[in-house]
Amino acid sequence: MLMYEQDYKGRLIVEWTNGPLWPYLLKPYFGKLPPASTSVGNTQVRDAILLCPMASDKPTDDADKAPSPSPTAPYFTTHSSFGKVQAAYGMNRWLYDTVNPTPKGAGYSDNAKYWYVNNPQNNFWKLAKNNNGDIPLLFDCRWREARPNKNTEGYYPMDATHDMSNVATKRHGKLVNVSFVDGSTQTLPLPELWNLKWHPTWTPPATLPKVPW
């Protein structure tokens, strides 16, 4: 992610409605490995970076364009020019670069809440330099992204209609791995997801929800 930001002069990664999905944009930075000693090719080895070891089940078909129904199954997505991607991590959708945001009424009426739209002077570097260690960037996820809107959103599978349920899953028991915009990575108890700064107006609930399993 840092290398991408450098190459694009500190710009946040583009929103998928304006370009390829984030895994396609980051794959060129995964590096080139020496010839594999097994039958697995370099491309497959590098693509495995996108897969959590705990998400080892068969990926679901991408026909429904929806999160994986199981926390231990990676999601599968496709692009007309770049082929398919299997992954088990998601990006905070509030952090996409929407310098050309979709107009209101086109399905994203809350686009104005995005970090970049609210603060066009912001970029990844400024967010990191401001030591914003509570802004999640990448995390264990049942889908390619998550955009929690309200602090009342619940756990998977109790609240599968909201994006927090994509992150708050049983994959690691009662824990979740999260990387932040300041470059740090933490393994957090699941309730702590509600204490993170998901978007500029996010406020933690008065009482953190209890893990339902």
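For residues that are more than 17 Å from the chain's Cα centre (by Cα) and outside any helix (DSSP H, G or I), tally how many sit in the stretch 184-199.
1
Hey, can you tell me all the residues within the stretch 161-174 that are part of a strand (DSSP E or B) and touching an Asp or Glu at 6+ places or on another chain (Cβ under 6 Å)?
none
From the set of residues in the stretch 179-213 that are in contact with a strand residue (DSSP E or B) (Cβ under 8 Å, 6 or more places away or on another chain) and farther than 17 Å from Asn151 by Cβ, which is surrounded by the most Cβ atoms within 10 Å (Cβ to Cβ)?
Per the criteria, the residue is Val181.
Kindly establish whether Asn177 is of a type outside the set (Lys, Arg), at pLDDT below 95 and either touching an Asp or Glu at 6+ places or on another chain (Cβ under 7 Å) or part of a loop (DSSP other than H, G, I, E, B) (or both).
No; evaluated as a whole, the condition is false for this residue.
Could you grab me the full set of residues in the stretch 195-209 that are free of Cβ contacts under 8 Å to residues at least 60 places away in the same chain and touching a Phe, Trp or Tyr at 6+ places or on another chain (Cβ under 9 Å)?
Result: Trp202, Pro204, Pro205, Leu208, Pro209.
The values are calculated or read from the model by the stated rules, or taken from the named source; none is laboratory data. Quick caveat: nothing in here was measured; it's all calculated off a predicted structure. With ideal geometry, Cβ positions are generated from the backbone for all residues, glycine too; neighbour counts draw on all protein chains shown.
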